[in-house]
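Undergrad: Have a look at this one before I ask anything.
Bear in mind these aren't lab numbers, they're just calculated from the coordinates by the rules spelled out. Computed from a prediction, not measured in an experiment: that's the story for all the values here.
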Ligand code: S3P
């Protein structure tokens, strides 16, 4: 059914990964618009499936339930084509979620130094459950634990100092070449 890992089909999904605050959703929307592709966001789809916000899922049912929803969203998206997909920051660490998306996906890591991420995270009014749980220093440790796996992406974009539009352009160029 799939061409297998390493395929270069122009119909591949573009999968944006990275820590909270990396701008996956904003860059994903811009990219999808410019490529005339459909945009999917795993957080939005998980919240829609549960009919409540991500924070409410964490509060009422715990992180484990959120991860189950996230995994099933990833499985469904992995079967589709020509999507631009923004993933939640923890998706690459959720069982086989990233492996499934990788089969027919171009995996991109939006790389930022932690300090810049923290600045971006703390500026938003939306309080993410893990930000509440970990705080600035706990989150830094989580980032350090995660970074290596993020870097495993097919494309690593140094996002610091670039606008979302510029990041989208870099991704598009790399995807086409
Ligand atoms: C999470 C990141 C969030 C969301 C959930 C857990 C994580 O997504 O999936 O709160 O584990 O890093 P964003 O990266 O879009 O904030």
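Undergrad: Can you tell me what the convex hull of the Cα atoms of the chain projects to on average, as an area in nm²?
TA: So the mean shadow area of the Cα hull is 9.6 nm².
Undergrad: Oh, and also: In Å and whole numbers, how far do the C-alpha atoms of the stretch 122-172 stretch along each principal axis, longest first?
TA: Computed over the Cα atoms, the extents are 35, 27, 16 Å.
Undergrad: Shifting gears a bit: List the relative contact order of the chain as a percent without decimals, with contacts defined as Cα pairs under 8 Å and 6+ residues apart.
TA: Relative contact order here is 33 percent.
Undergrad: Please list the radius of gyration and Dmax for the stretch 72-161, considering alpha-carbon atoms only, with Å as the unit.
TA: 14.0, 39
Undergrad: Could you estimate the translational diffusion coefficient of the stretch 21-88 from the Stokes-Einstein equation, with Rh from the Kirkwood formula over C-alpha pairs, at 20 °C and 1.002 mPa s, in whole µm²/s?
TA: On the way: Rh = 12.5 Å.
Translational diffusion coefficient: 172 µm²/s.
Undergrad: Divide the volume of the convex hull of the Cα atoms of the stretch 47-117 by its number of residues and quote the answer in cubic angstrom per residue.
TA: Spread over its residues, the Cα hull of the stretch 47-117 gives 107 Å³ apiece.
Undergrad: Which length gain, in nm to one decimal place, applies between residue 29 and residue 52 when the Cα-Cα distance is subtracted from 0.36 nm times their residue separation?
TA: 6.1 nm
Undergrad: What's the whole-number percent of alpha carbon pairs in the stretch 92-131 lying beyond 15 angstrom?
TA: Numbers: 470 of 780 pairs.
Counting pairs separated by more than 15 Å, the tail of P(r) holds 60 percent.
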